[in-house]
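Have a look at the structure below, then the notes.
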Amino acid sequence: RLAAVRPGSFVERLGLRPNDVVVRIDGRPINGLEDASAAYAWLRVTDKFSVDIVRDGRPLTLRYKIG
(Lines give C-alpha, C1' and ligand atoms only; values in the text may rest on other atoms or scores of the structure.)
Protein backbone atom coordinates (compact mmCIF):
# COMPACT_ATOMS: atom_id res chain seq x y z
CA ARG A 1 0.00 0.00 0.00
CA LEU A 2 1.34 3.40 -0.94
CA ALA A 3 1.27 5.54 2.18
CA ALA A 4 2.19 8.70 0.28
CA VAL A 5 3.10 9.78 -3.23
CA ARG A 6 5.69 12.51 -3.57
CA PRO A 7 4.68 15.30 -5.99
CA GLY A 8 6.68 15.09 -9.23
CA SER A 9 7.91 11.57 -8.49
CA PHE A 10 7.98 8.68 -10.98
CA VAL A 11 5.15 7.06 -9.02
CA GLU A 12 3.00 10.18 -9.34
CA ARG A 13 3.73 10.40 -13.07
CA LEU A 14 2.45 6.83 -13.38
CA GLY A 15 -0.84 7.98 -11.91
CA LEU A 16 -0.56 6.05 -8.67
CA ARG A 17 -2.23 7.57 -5.62
CA PRO A 18 -1.86 7.30 -1.85
CA ASN A 19 -3.59 4.15 -0.55
CA ASP A 20 -3.28 2.31 -3.89
CA VAL A 21 -2.20 -1.27 -3.26
CA VAL A 22 0.33 -2.41 -5.88
CA VAL A 23 -0.29 -6.11 -6.51
CA ARG A 24 1.83 -6.83 -9.61
CA ILE A 25 4.15 -5.01 -11.98
CA ASP A 26 4.34 -6.58 -15.42
CA GLY A 27 2.96 -9.81 -13.98
CA ARG A 28 5.55 -9.94 -11.19
CA PRO A 29 3.93 -10.15 -7.72
CA ILE A 30 4.81 -7.38 -5.27
CA ASN A 31 4.90 -8.80 -1.76
CA GLY A 32 7.33 -6.41 -0.12
CA LEU A 33 10.13 -3.91 -0.56
CA GLU A 34 12.50 -6.41 -2.17
CA ASP A 35 9.94 -7.22 -4.89
CA ALA A 36 9.25 -3.51 -5.38
CA SER A 37 12.97 -2.77 -5.78
CA ALA A 38 13.36 -5.54 -8.37
CA ALA A 39 10.30 -4.27 -10.25
CA TYR A 40 11.64 -0.71 -10.22
CA ALA A 41 14.91 -1.96 -11.76
CA TRP A 42 12.87 -3.75 -14.45
CA LEU A 43 10.97 -0.55 -15.28
CA ARG A 44 14.24 1.22 -16.02
CA VAL A 45 15.01 -1.17 -18.92
CA THR A 46 11.61 -1.79 -20.50
CA ASP A 47 9.51 0.40 -22.77
CA LYS A 48 6.07 -1.02 -21.92
CA PHE A 49 4.61 -2.50 -18.78
CA SER A 50 1.47 -2.91 -16.72
CA VAL A 51 0.74 -2.25 -13.07
CA ASP A 52 -2.04 -4.16 -11.30
CA ILE A 53 -3.39 -2.27 -8.31
CA VAL A 54 -6.34 -2.24 -5.96
CA ARG A 55 -7.84 1.24 -5.67
CA ASP A 56 -10.78 1.90 -3.38
CA GLY A 57 -11.34 -1.85 -3.06
CA ARG A 58 -11.49 -2.44 -6.83
CA PRO A 59 -8.83 -4.13 -9.00
CA LEU A 60 -7.42 -1.97 -11.79
CA THR A 61 -4.74 -2.57 -14.41
CA LEU A 62 -2.77 0.43 -15.65
CA ARG A 63 -0.87 -0.02 -18.93
CA TYR A 64 2.04 2.14 -20.06
CA LYS A 65 4.18 2.57 -23.15
CA ILE A 66 7.24 4.78 -22.88
CA GLY A 67 8.09 6.43 -26.14
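The values are calculated or read from the model by the stated rules, or taken from the named source; none is laboratory data. For clarity, every value in this text was computed on a predicted model and none was experimentally measured. Cβ atoms come from the backbone with ideal geometry, glycine included; neighbour counts cover every protein chain shown. Heavy atoms of the whole protein, side chains included, go into the accessibility calculation; ligands, DNA and RNA do not. Shrake-Rupley method; radii C 1.70, N 1.55, O 1.52, S 1.80 Å.
Among the residues making up segment 23-38, those that are under 17 Å from Val54 (Cα atoms) and open to solvent by 90 Å² or more (accessible area, probe 1.4 Å) are Arg24, Arg28, Asn31. With respect to the conditions (1) assigned to a loop (DSSP other than H, G, I, E, B); (2) free of Cβ contacts under 8 Å to residues at least 12 places away in the same chain; (3) among the hydrophobic types (A, V, I, L, M, F, W, C), Leu2 lacks only one, and its number is (2).
Yes or no: Arg24 part of a loop (DSSP other than H, G, I, E, B) and either within 11 Å of the chain's Cα centre (by Cα) or at pLDDT 90 or above (or both)?
Numbers: part of a loop (DSSP other than H, G, I, E, B): no; either within 11 Å of the chain's Cα centre (by Cα) or at pLDDT 90 or above (or both): yes.
Spelling it out, it is not the case that Arg24 is part of a loop (DSSP other than H, G, I, E, B) and either within 11 Å of the chain's Cα centre (by Cα) or at pLDDT 90 or above (or both).
A quick yes/no check of all residues on (1) outside any loop (DSSP other than H, G, I, E, B); (2) open to solvent by less than 90 Å² (accessible area, probe 1.4 Å); (3) touching a Ser or Thr at 6+ places or on another chain (Cβ under 7 Å):
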position: Leu16; (1), (2), (3): no, yes, no
position: Trp42; (1), (2), (3): yes, yes, no
position: Pro59; (1), (2), (3): yes, no, no
position: Arg63; (1), (2), (3): yes, no, yes
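Go over the candidates Asp52, Asp47, Asp20 one by one and state the one that is out of contact with any Leu (no Cβ under 6 Å at 6 or more places or on another chain) and surrounded by 10 or more Cβ atoms within 10 Å (Cβ to Cβ). If you could, list the steps in order and put the result at the bottom.
Numbers: Asp47 fails: surrounded by 10 or more Cβ atoms within 10 Å (Cβ to Cβ); Asp20 fails: out of contact with any Leu (no Cβ under 6 Å at 6 or more places or on another chain).
The conditions single out Asp52.
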